[in-house]
Amino acid sequence: MTHLTPVEGNSRMIRMDADEIQELEAYANTISAAVEEELDTLLPNVDGNEEDRLFEAMRYSVFAGGKRVRPLLIMATNEIMGGNKKRAMRVAAAMECLHTYSLIHDDLPCMDDDDLRRGKPTCHIQFDEATAVLAGDALLTMTFEILSDVDTHPDPNVRMRLVALFAEAAGARGMVGGQMMDMLAEQHGKKDFDQGALARLQRKKTGALFSASCEAALILNGGTRDEFHRFTSYAKNLGLAFQMVDDVLDEVGDEAKLGKRTKKDAGRGKATFARLLGVDGASRQAEFLVQQAVDYLRPFHNKARVLDLLARFVVCRTH
């Protein structure tokens, strides 16, 4: 179950009251439960086969918890567009497979070398490095297996566009390219990474999947050019603000609430928004981005209520 707790303090311009937090929490929990039910159906079962260790590692990582923000973006956008819920749920499950693959690989010793994720041992700690690599590979390929299935959408052109979207968002010009830049940021620290370079990095590493989540729902529902512009602009700003707050929480957050180690970036001399702008500066910039994000969706009025709440929560969260 998702529990949302806003950051306390008088310095914040964007706030959420208890009723708004409860409203978003209820929606997030509903989406999370539905996505997990879909994933439970789609993921291979552990039933005595030779691949059982692989299947167990896949399930361990997928069902380790998390905010399920990307599926929420897909489902909320699909609702605004009046789309088919079952089709969107399959796309949301595919996105969660893709995201989980990236987390498994990011945590590996050759990458971020993390031993804790969502309050639990990371996949390579719980199993072993080879199993973790294979579990990530299996989830990545399963993403496209789901998207290309006729149950996701009867129109092959729609399925092809979804596959292309996810491939681009995850690939060298998207998330993987962002991870490469992130590794260079750790090697060079502040020297070669100014705010603009760091923003480009995070728009690839974090923002690409946020944007693809909204785009996927628009592809399912034949969105207009203006709708693509508004939703992707919202998602890109949201993703960048999300990462800025992540950087702040790495500096000042509570490990028990975050479910992962803090102060890792500072220990590695890594370039982050919190280091470049300071904790207060990064927090203010995140608020500015969120306000812009919310403005993009104003033409949809109350239909975009959940996305408005999500954007404001991003800069109020403590974990």
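The values are calculated or read from the model by the stated rules, or taken from the named source; none is laboratory data. These numbers were taken from a predicted model, which means no experiment stands behind them. Cβ placement follows ideal geometry from the backbone for every residue including glycine, while neighbour counts extend to all protein chains displayed.
So the values come out like this:
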| read-out | value |
| --- | --- |
| In the range 112-126, residue modelled with the lowest pLDDT [restricted to those that are over 15 Å from residue 65 (Cα atoms) and surrounded by 15 or more Cβ atoms within 10 Å (Cβ to Cβ)] | 112 |
| Members of the range 77-109 found to be surrounded by fewer than 22 Cβ atoms within 10 Å (Cβ to Cβ), farther than 26 Å from residue 301 by Cβ and of a type in the set (A, V, I, L, M, F, W, C), listed by number | 103, 108 |
| Some residue of the range 189-210 being over 21 Å from the mean Cα position of the chain (by Cα), crowded, with 21+ Cβ neighbours inside 10 Å and of a type in the set (A, V, I, L, M, F, W, C) | yes |
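Here's the yes/no breakdown for (1) modelled with pLDDT of 90 or more; (2) surrounded by fewer than 15 Cβ atoms within 10 Å (Cβ to Cβ); (3) under 19 Å from residue 201 (Cβ atoms):
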site: 250; (1), (2), (3): no, no, yes
site: 258; (1), (2), (3): no, no, no
site: 263; (1), (2), (3): no, yes, no
site: 299; (1), (2), (3): yes, yes, no
site: 307; (1), (2), (3): yes, no, no
